[in-house]
Amino acid sequence: MEQGWLTKTFKGDRAIWGLVALFMIYSLLAVYSSSVGVAYKNFGGNTTYFLRTQFIMLVLSLGIIVVVSYLPYRIYFSVAGLLLIGAAGLLVLTFAFGSRVNEATRWLVIPGTGFRLQTSDVAKAALVIYLARTLAKYQNELNNFMLVTKYFMVPIAIICGLILPENLSTALMVFGISMIILFIGRIPFKYLLAYVGMAVVGVVLFAMVLVVVSKSNRVQVWKNRIEHFASGKEDADGDYQSNQAKIAISTGGLFGKAPGHSAQRNMLPQSNSDFIFAIIIEEYGLLLGAIPLILAYMILLFRGITIAKKCETAFPAFLVMGLIVMMVVQAMLNMLVAVGLFPVTGQTLPMVSWGRTSVLVMSFSIGAILSVSRVVNARIKNEELPEEEVSDEGEKIYEPAKT
């Protein structure tokens with residue numbers, strides 16, 4: 001009876017549902033352990049503050065996943081343009097009225113709630129949905145350079161340009177994710193090389209203008225991080241977090257120090273978010289911490305590819321691949337930063353790090369993937385779907401097999 005209820009409620013790819021549960025378990029354990037000291041110091045001795053807030057966010061995210069998984073994915077085709085325009089508007093509002101934290105304006109405070117929305121996370125997902133829709137719409141015209149530039153690169157440039165002034169790493173990540181999605185969508189490789197070259201020139205020119213016009217210290221921060229990473233030189237201030245993360249990983253060994261026994265959690269300012277992977281390795285080791293999480297994200301990628309291959313129309317396939325690429329690339333960047341193989345970027349570990357906007361956006365993304373999976377599973381099992389489950393061109397998502 002219980003199994004039937006679970007099957008009816010949590011529809012879609014069961015492996016992805018299992019991964020969601022795994023991520024949530026790691027998240028609760030690691031967030032609590034890594035933030036005890038910070039919570040005690042900043043919240044009047046309340047050591048469970050971050051655990052409580054993360055538990056609430058994960059319960060909310062589970063609800064979002066379930067609800068979104070039941071929505072017909074065709075609605076994203078219809079609203080992709082509006083989502084992108086809305087996301088660009090939020091980025092403009094953030095640039096003008098955003099909350100400044102750690103010398104960067106990346107958050108927009110929702111009036112009356114105190115909730116801080118990191119608008120770049122919203123824009124990232126909106127852009128992926130837009131690219132999936134546009135690839136599906138123009139899949140027979142992708143050799144037209146002007147068309148690709150107009151409908152693909154201009155929106156990418158606008159979103160990345162709005163993120164760039166305050167968050168170079170996220171802008172570069174969004175651009176990189178976009179290029180991967182366009183490559184998957186069969187945009188000619190020579191076009192992508194041209195766009196990458198133009199992007200490099202654009203970023204350099206922007207940095208030069210920023211230095212001359214505003215004398216902003218953001219450019220110096222970017223420059224220092226890249227120089228220190230490339231040279232391998234130690235810097236007591238700029239490399240502090242990276243060095244502490246390396247210490248956590250090196251002392252974790254194969255089996256870790258056991259849950260709750262991290263020493264570096266009191267040294268890492270972002271131990272429960274940007275560098276949570278290092279704390280997980282320190283406490284659970286390589287065998288129970290690093291390898292299971294890496295495999296989990298690789299399985300997520302594999303399941304996404306499997307779902308996309310089963311799709312009979314272009315949009316759901318591109319939607320699944322775009323969202324999967326977005327999540328896995330961010331996860332890999334977070335891990336590479338933690339182990340010192342990439343400059344500090346400030347990216348969270350999807351569905352594991354403490355957070356709000358990131359957790360909500362990733363939950364929506366997983367829900368959308370499961371929505372496609374639900375339809376694919378129904379088609380394979382020859383189950384009937386409601387009449388509204390059709391694409392925007394009026395073609396059915398699938399035709400039940402004739403018997």
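Things to note:
- Restricting region 130-178 to residues that are free of Cβ contacts under 8 Å to residues at least 40 places away in the same chain and not in a helix (DSSP H, G or I), the residue that is surrounded by the fewest Cβ atoms within 10 Å (Cβ to Cβ): 140
- Flag set for residue 90, criterion: outside the structural domain of residue 13 (by TED's automatic domain parsing) and either part of a helix (DSSP H, G or I) or at pLDDT 95 or above (or both).
- Of the residues making up region 250-267, those that are in contact (Cβ under 8 Å) with a residue 24 or more places away in the chain and closer than 12 Å to residue 33 by Cβ are 256, 257, 258, 259, 260, 262, 265, 266.
- Filter result for residue 81 (more than 19 Å from residue 12 (Cβ to Cβ) and surrounded by 14 or more Cβ atoms within 10 Å (Cβ to Cβ)): yes
- The number of residues in region 334-357 that are part of a helix (DSSP H, G or I) and buried (at least 22 other Cβ atoms within 10 Å of the Cβ) comes to 3.
- Scanning region 11-44 for residues that are surrounded by fewer than 22 Cβ atoms within 10 Å (Cβ to Cβ), of a type in the set (Gly, Ala, Ser) and over 21 Å from residue 263 (Cβ atoms) turns up 15, 18, 21, 44.
- Filtered residues of region 43-55 (kept if more than 18 Å from residue 264 (Cα to Cα) and assigned to a helix (DSSP H, G or I)): 49, 51, 52, 53, 54, 55
- Pair list, Cβ under 8 Å, 6 or more apart: region 306-320 residue assigned to a loop (DSSP other than H, G, I, E, B), other residue surrounded by 22 or more Cβ atoms within 10 Å (Cβ to Cβ): 311/317; 311/320; 311/372; 311/376
- Within region 184-197, the presence of at least one residue that is buried (at least 17 other Cβ atoms within 10 Å of the Cβ), of a type in the set (Phe, Trp, Tyr), more than 28 Å from residue 96 (Cα to Cα) and at pLDDT 95 or above is confirmed.
- Just one of (1) modelled with pLDDT under 90; (2) under 30 Å from residue 151 (Cβ atoms); (3) surrounded by fewer than 19 Cβ atoms within 10 Å (Cβ to Cβ) fails for residue 118. It is (3).
- Scanning region 167-197 for residues that are among the β-branched types (Val, Ile, Thr) and closer than 15 Å to residue 154 by Cβ yields 174, 187.
- Single unsatisfied condition, residue 40 versus (1) touching a residue at least 60 places away in the same chain (Cβ under 8 Å); (2) assigned to a helix (DSSP H, G or I): (1)
- Residue in region 96-105 that is in contact (Cβ under 8 Å) with a residue 12 or more places away in the chain, within 29 Å of residue 370 (Cβ to Cβ) and either among the polar types (S, T, N, Q) or not assigned by TED's automatic domain parsing to the domain that holds residue 153 (or both) present: no
The values are calculated or read from the model by the stated rules, or taken from the named source; none is laboratory data. Because the structure is predicted, anything quoted here is derived from the model rather than measured. Reconstructed Cβ throughout: ideal geometry from the backbone, glycine too, with neighbour counts over all protein chains shown.
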